[in-house]
1. Starting from region 80-105, take each residue that is farther than 14 Å from residue 212 by Cα and list its partners that are open to solvent by less than 10 Å² (accessible area, probe 1.4 Å) and in a loop (DSSP other than H, G, I, E, B), counting only C-beta distances under 7 angstrom and pairs at least six apart or across chains.
2. Could you pull out the residue among 382, 400 that is touching a residue at least 60 places away in the same chain (Cβ under 8 Å), within 16 Å of the ligand (Cβ to nearest atom), over 17 Å from residue 441 (Cα atoms) and among the charged types (D, E, K, R)?
3. Within region 66-109, take every residue that is more than 14 Å from the ligand (Cβ to nearest atom) and among the basic types (Lys, Arg) and give me the one that is nearest to residue 416 (Cα to Cα).
4. For residue 244, are the conditions met, namely being in contact with a helix residue (DSSP H, G or I) (Cβ under 6 Å, 6 or more places away or on another chain), over 30 Å from residue 472 (Cβ atoms) and acidic (Asp, Glu)?
5. Only one residue in 380, 408 is in contact with a Pro (Cβ under 8 Å, 6 or more places away or on another chain) and surrounded by fewer than 18 Cβ atoms within 10 Å (Cβ to Cβ). Which one?
6. Name the single residue that is most open to solvent (accessible area, probe 1.4 Å) among those in region 123-133 being more than 9 Å from the ligand (Cβ to nearest atom) and closer than 17 Å to residue 339 by Cβ.
7. Give all pairs with beta carbons closer than 8 Å in which a residue from region 268-292 that is in contact (Cβ under 8 Å) with a residue 24 or more places away in the chain meets a residue that is acidic (Asp, Glu) and assigned to a loop (DSSP other than H, G, I, E, B); count only pairs at least 6 apart in sequence or on separate chains.
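The values are calculated or read from the model by the stated rules, or taken from the named source; none is laboratory data. None of the values given here were measured: they were computed from a predicted structure. Every residue, glycine among them, receives a Cβ derived from its backbone with ideal geometry; neighbour counts consider all protein chains shown. Areas reflect the complete protein model, heavy atoms only, side chains present, ligands, DNA and RNA absent. Shrake-Rupley method; radii C 1.70, N 1.55, O 1.52, S 1.80 Å.
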Amino acid sequence: MKPSLIKNNKQVIHKNPWFLGIVVCIFVVFVSLSIPIEKRKYGLSQRNLTTDYTGLLPERIERIVKVGNRTELQKIVKEANEKGQHISIAGLQHSQGGHTYYKDSVVLDMKTFNKVLEIDKQHKTIKVESGATWEDVQEAIQPYGLALKVTQSQSIFTIGGSLSVNAHGRDIRSGPMAGTVREMTILTPTGEIKTITQNDSEEWMKYVFGGYGLFGVILDVTLELTENDVYTIHTEEHKTHEYEAYFAKLLRNDDTSMHYARVSVAPNSFLNEMYVIDYIYTGKTDDQTPLKKERGARIGKLALDLCRQGGGVEDLFWENQKLLIKSLDGDEITRNNAMRGNSAFMEFTTPGRVEVLQEFFIPVEQFEEYMSDLKRFLPAIDKNDDFKIQNITVRYAAKDNYTSLNYAKEDMFGLVILIQHGLKEKEINNAKAIIQGWTDLTLKHGGGYYLPYYPYQTKDQFRIAYPKWEKFQEEKLKRDPNDVFQNIFYDHYF
Ligand SMILES: Cc1cc2nc3c(=O)[nH]c(=O)nc-3n(C[C@H](O)[C@H](O)[C@H](O)COP(=O)(O)OP(=O)(O)OC[C@H]3O[C@@H](n4cnc5c(N)ncnc54)[C@H](O)[C@@H]3O)c2cc1C
């Protein structure tokens, strides 16, 4: 009898739903912990060649200087002026078009130049060195119940890098990032250290912001801050043709502080469906809630990697994303936490392929017509194509009067597009052709494109998108006659 009892017990255990559940859980945990979150290999020293975030455009540079202090920097700039050397400036190198280096140049690695110099709680300002990241700033100001006025949706960038591209994010009330800088210390191309403000008669800020490191080194910055407000998250699903009206209403009522949207790139709802996420004032502020850390990166990466295959999986992913977003509806979040989105799950490390960003700007009232045209231009199904669109998010970029090379000549929507393509010459050329066609379509609607990304666009397209390019170049020649500050981006377009 005993053996059969044991046998019976075994059967019972095997059939027990709890047992099966535990096995499945252990399996899922095991699989998810085994998903590698490798960092892509990019950066200043890649076997003597330098690249940026995409790993494209490798170049040999002369040397890297880890920036320690201002006197040393001043000496390097003065010496470069005398000897005809070129200097490039690197933050965290998330820009993708060779903005941070140049052939045989001296590259200033700003990452170590990252001290918080002063926090003024009463006047709500922070003075900080330019190599600090937004994360460093958030950590310093969170205990004071303060938050940034404008920054990107992730906090992984340096302040110098973000100001040099005049970045934008989710805030729809504070205008361009440039407008939140009260004062700044720069090292000019002739080696002078200058403190500048918005009212400075020489208009340095106009060229340093959105100046891509071509007008000098930003040393430190005094930024205006705001309260660390608490928001209620509000989410809604829409058809793309309803979005313009939805956003106009949102902008008129000032109970919403931040906003962004996502457009479907899944075959069944391609460019037809969207969801929006709004951050609504609750009237409460917060100095207690800790800054959130990235969680679930492995599972996120697994889902994204599956979705990167395209086709039916993308439909499933989109439906899932809608559910996930819906589940956030009604949650509360602090301003600081809304400004630090996850990023590790996005790491893309497939050999022979690259994932790049592009951003197209479109006047707010052109959105609907633009999306209709785009639907005719892009294939809804890209499963078997080399060029794949991974996702599209939408942000609002208010008209910018602060910078010379401004992308928001009027109130614009920025469509941030994550694209994947191969690295063979014909694959890169194919991507270039598609993006150039897409750029033409955008220009036709009075729009433009963002410059921190890989420059697939032509010189002619650049000149239409940035009509003040001539003045920018004139000022560059005037302020930096020996071309001390140089990078691949400048070489490509000017
Ligand atoms: C995943 C991802 C998400 C992004 N999201 C957004 C977004 O939401 N909104 C947005 O606007 N942009 C976004 N970008 C673009 C990004 O904000 C810019 O590329 C930004 O410059 C990155 O900062 P960085 O520290 O990596 O700068 P880097 O790429 O190192 O440098 C950017 C430019 O700034 C110059 N520079 C750097 N430091 C200094 C300094 N101290 N003084 C003078 N010049 C300097 C460099 O020479 C270069 O021209 C995103 C990019 C990626 C890859």
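1. These pairs meet every condition: 80/484; 81/191; 81/484; 86/105; 86/484.
2. Details: 382 fails: within 16 Å of the ligand (Cβ to nearest atom).
Of 382, 400, the one residue that is touching a residue at least 60 places away in the same chain (Cβ under 8 Å), within 16 Å of the ligand (Cβ to nearest atom), over 17 Å from residue 441 (Cα atoms) and among the charged types (D, E, K, R) is 400.
3. By that ranking, first place goes to 103.
4. For residue 244, the condition - in contact with a helix residue (DSSP H, G or I) (Cβ under 6 Å, 6 or more places away or on another chain), over 30 Å from residue 472 (Cβ atoms) and acidic (Asp, Glu) - is met.
5. On the way: 408 fails: surrounded by fewer than 18 Cβ atoms within 10 Å (Cβ to Cβ).
Matching residue, one of 380, 408: 380.
6. Let us first name the residues in region 123-133 that are more than 9 Å from the ligand (Cβ to nearest atom), namely 123-128, 132.
Filter again for closer than 17 Å to residue 339 by Cβ, leaving 124, 126, 128, 132.
Values: 124: 67, 126: 0, 128: 0, 132: 0 Å².
Restricting to residues being more than 9 Å from the ligand (Cβ to nearest atom) and closer than 17 Å to residue 339 by Cβ, the top hit is 124.
7. 280/255; 281/255
Conditions (1) aromatic (Phe, Trp, Tyr); (2) open to solvent by less than 40 Å² (accessible area, probe 1.4 Å); (3) out of contact with any strand residue (DSSP E or B) (no Cβ under 9 Å at 6 or more places or on another chain); (4) more than 16 Å from the ligand (Cβ to nearest atom), marked per residue:
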{"position": "415", "(1), (2), (3), (4)": "no, yes, no, no"}
{"position": "418", "(1), (2), (3), (4)": "no, yes, no, no"}
{"position": "431", "(1), (2), (3), (4)": "no, yes, no, yes"}
{"position": "445", "(1), (2), (3), (4)": "no, yes, no, yes"}
{"position": "455", "(1), (2), (3), (4)": "no, yes, yes, no"}
{"position": "460", "(1), (2), (3), (4)": "no, no, yes, yes"}
{"position": "468", "(1), (2), (3), (4)": "no, no, yes, yes"}
